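Contents: one structure, followed by commentary.
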Amino acid sequence: MIWNETMECMSRDEMHKLQSIRLKQVVERVYHNTTFYRKKMQESGVTPDDIRSIDDIAKLPFTVKNDLRDNYPFGLMAAPMSEIVRVQASSGTTGKPIVVGYTRNDLSVWSEGVARCLTAYGLTKNDIVQVSYGYGLFTGGLGAHQGTEYIGGTVIPMSSGNTQKQIQLMHDFGANALACTPSYALYLAEAIHESEFPIEEFKLRIGAFGAEPWTENMRRELEDKLHIKAYDIYGLTEVCGPGVGGECTCQNGTHLWEDHFYPEIVDPQTLQPVEHGKQGELVFTTITKEGMPMIRYRTRDLTALHYERCTCGRTAVRMDRILGRSDDMLIIRGVNVFPSQVESVILELPEFEPYYVITVDRVDNTDTFQIDVEVRQEYYTDEMTKLMEMKKKVSHRLQSVLGISPDIRLVEPRTIERSQGKAKHVIDKRKLV
């Protein structure tokens, strides 16, 4: 099923023309309405007249997260506050939050983006969606909520937490879909299997998971435990929250709605464009946003883009799974390590639950690298020989994938804290000294 066939299946030539028109319009908007962008463009020697097509986007300067913090709260608005009907903010816990403003039209675009994703998963107006993302300033809850209403579906606006009620209402209301972070979905799956309700009595068939990187192995874990098809939904506060893109039933990459959010991939060191299909840092320009447009916003997400037509019929560009964020990458004894690599290995091995904590420290000028891994109940034992065999197995596999040997610590079942939002997998004590 396709929600907006005209836009989702548009030819590359037609999309190029549309993007060119919209880029010129948004550059005019920010140049004349936002002091920050006007000054940045003037410093780069660029005027709106220099932007004749989408191919000229490389002439424009980049925007980074600190620019949003430096202009807190409303310095990047390109519309008067009388036209801003909602503000949302990042879920960051340190420093000033990232604040984003939306006009009425921006909310409509956002809702339609989510509607495209939900429809691509196979959801319709006849479905019931339990939204277990957090509501409030965080974009997840309201984004999934308004997208569900947009397709005419029924929303159960649960927000996160209160897990027992989540399970009861999911069961009693007959929810067909669950929208939340993959780590919370995993926690819910565990709680369902420990509840009075057999999983066979639930009507769940689709999961819309996002807000944190997750792996193919995590997908298989969720699909097996919840008896669903698990789909990625992608977004970020600075651009519009969930609905920037989503997978289709082919599960062969996340389609980005490039008629609204123009994506680039650049080398994170040189900031030069990379070849199609090559991995680099994802950069977005919001070419239809009115309230607070983003010009060449560096997401720090590392991925690749593919422009071949998908077997589902969509021509919308497909994005690989996010490997991680360039600012989340750990450099340990000179080796680049991503938490997603660790997660993927752990989920390959049947002996372990998908819960882990990476702890990095520095002792005598040398990095230490410890990973706590939780053993599944059926494999946990007091026999030291069996535990050592498990430790050796996971250690060997991680070393082959990461290129560095971690210190593995096997922990008892249910000893690693479960997350009801975004999971925290890394403790880097080097940053604390």
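The values are calculated or read from the model by the stated rules, or taken from the named source; none is laboratory data. Small disclaimer: the values here were computed from a predicted structure and weren't measured. Here the Cβ positions follow ideal geometry from the backbone for every residue, glycine too, while neighbour counts run over all protein chains shown. Surface accessibility is based on the protein's heavy atoms, side chains included, excluding ligands, DNA and RNA. Shrake-Rupley method; radii C 1.70, N 1.55, O 1.52, S 1.80 Å.
So which residues in region 45-60 are crowded, with 17+ Cβ neighbours inside 10 Å and either in a loop (DSSP other than H, G, I, E, B) or within 24 Å of the chain's Cα centre (by Cα) (or both), if there are any at all?
Val46, Ile51, Leu60
Within region 173-219, count every residue that is part of a helix (DSSP H, G or I) and over 20 Å from Val345 (Cβ atoms).
Step one: filter region 173-219 for residues part of a helix (DSSP H, G or I), giving 173, 182-193, 199-201, 216-219.
From what's left, over 20 Å from Val345 (Cβ atoms): 173, 184-185, 187-193, 199-201.
Qualifying residue count for the region: 13.
Matching residues to (1) open to solvent by less than 30 Å² (accessible area, probe 1.4 Å); (2) part of a loop (DSSP other than H, G, I, E, B); (3) among the small types (Gly, Ala, Ser):
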{"site": "Asp259", "(1), (2), (3)": "yes, yes, no"}
{"site": "Tyr262", "(1), (2), (3)": "no, no, no"}
{"site": "Leu271", "(1), (2), (3)": "no, yes, no"}
{"site": "Phe284", "(1), (2), (3)": "yes, no, no"}
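Which one is surrounded by the most Cβ atoms within 10 Å (Cβ to Cβ), of the residues in region 220-248 that are in contact with a strand residue (DSSP E or B) (Cβ under 9 Å, 6 or more places away or on another chain) and closer than 20 Å to His171 by Cα?
Checked region 220-248; the qualifying residue surrounded by the most Cβ atoms within 10 Å (Cβ to Cβ) is Ala230.
Quick grid of which residues meet (1) over 24 Å from Glu221 (Cα atoms); (2) open to solvent by less than 50 Å² (accessible area, probe 1.4 Å); (3) not in a strand (DSSP E or B); (4) not basic (Lys, Arg):
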site: Val357; (1), (2), (3), (4): no, yes, no, yes
site: Glu374; (1), (2), (3), (4): no, yes, no, yes
site: Thr381; (1), (2), (3), (4): no, yes, yes, yes
site: Arg409; (1), (2), (3), (4): no, no, no, no
site: Thr415; (1), (2), (3), (4): no, no, yes, yes
site: Gln420; (1), (2), (3), (4): no, no, yes, yes
site: Lys424; (1), (2), (3), (4): no, no, yes, no
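Can you go through Leu347, Leu398, Leu387 and tell me which one is surrounded by fewer than 17 Cβ atoms within 10 Å (Cβ to Cβ), of a type outside the set (Ser, Thr, Tyr) and either assigned to a helix (DSSP H, G or I) or at positive phi (or both)? Let's see the steps before the verdict.
On the way: Leu347 fails: surrounded by fewer than 17 Cβ atoms within 10 Å (Cβ to Cβ); Leu398 fails: surrounded by fewer than 17 Cβ atoms within 10 Å (Cβ to Cβ).
Being surrounded by fewer than 17 Cβ atoms within 10 Å (Cβ to Cβ), of a type outside the set (Ser, Thr, Tyr) and either assigned to a helix (DSSP H, G or I) or at positive phi (or both) holds for just one of Leu347, Leu398, Leu387, which is Leu387.
Would you check which residues across region 314-344 are part of a loop (DSSP other than H, G, I, E, B), open to solvent by 20 Å² or more (accessible area, probe 1.4 Å) and under 23 Å from Gly210 (Cβ atoms) and list them?
Quick first cut of region 314-344, residues part of a loop (DSSP other than H, G, I, E, B) only: 314-317, 320-323, 326-329, 333-334, 338.
Next, from what is left, pick out any that are open to solvent by 20 Å² or more (accessible area, probe 1.4 Å): 320-323, 326-329, 333-334.
Once the filter is applied, which keeps residues that are part of a loop (DSSP other than H, G, I, E, B), open to solvent by 20 Å² or more (accessible area, probe 1.4 Å) and under 23 Å from Gly210 (Cβ atoms), region 314-344 yields Asp320, Arg321, Ile322, Leu323, Ser326, Asp327, Asp328, Met329.
Looking at Arg300, Arg296, which is the one that is under 20 Å from the mean Cα position of the chain (by Cα) and either open to solvent by 20 Å² or more (accessible area, probe 1.4 Å) or without any contact (Cβ under 8 Å) to a residue 24 or more places away in the chain (or both)?
Testing whether each residue is under 20 Å from the mean Cα position of the chain (by Cα) and either open to solvent by 20 Å² or more (accessible area, probe 1.4 Å) or without any contact (Cβ under 8 Å) to a residue 24 or more places away in the chain (or both) leaves just Arg300.
Do we find that Thr63 is β-branched (Val, Ile, Thr) and open to solvent by 20 Å² or more (accessible area, probe 1.4 Å) in this structure?
no
What do you reckon, is Gly113 in a helix (DSSP H, G or I), under 15 Å from Gly207 (Cα atoms) and either in contact with a His (Cβ under 8 Å, 6 or more places away or on another chain) or at pLDDT 95 or above (or both)?
Details: in a helix (DSSP H, G or I): yes; under 15 Å from Gly207 (Cα atoms): no; either in contact with a His (Cβ under 8 Å, 6 or more places away or on another chain) or at pLDDT 95 or above (or both): yes.
The answer is no for Gly113.
Does any residue of region 118-133 turn out to be touching a Leu at 6+ places or on another chain (Cβ under 7 Å), of a type in the set (Gly, Ala, Ser), open to solvent by less than 10 Å² (accessible area, probe 1.4 Å) and assigned to a loop (DSSP other than H, G, I, E, B)?
yes
Restricting attention to region 65-87, and to residues there that are assigned to a helix (DSSP H, G or I) and of a type in the set (Lys, Arg), which single residue is nearest to Thr288 (Cα to Cα)?
The initial filter retains those residues of region 65-87 that are assigned to a helix (DSSP H, G or I), namely 65-70, 81-83.
Now narrow it down to the ones that are of a type in the set (Lys, Arg): 65, 69.
Numbers: Lys65: 20, Arg69: 23 Å.
Filtering region 65-87 for residues that are assigned to a helix (DSSP H, G or I) and of a type in the set (Lys, Arg), the one nearest to Thr288 (Cα to Cα) comes out as Lys65.
For residues that are without any contact (Cβ under 8 Å) to a residue 60 or more places away in the chain and within 24 Å of Leu169 (Cβ to Cβ), tally how many sit in region 206-219.
2
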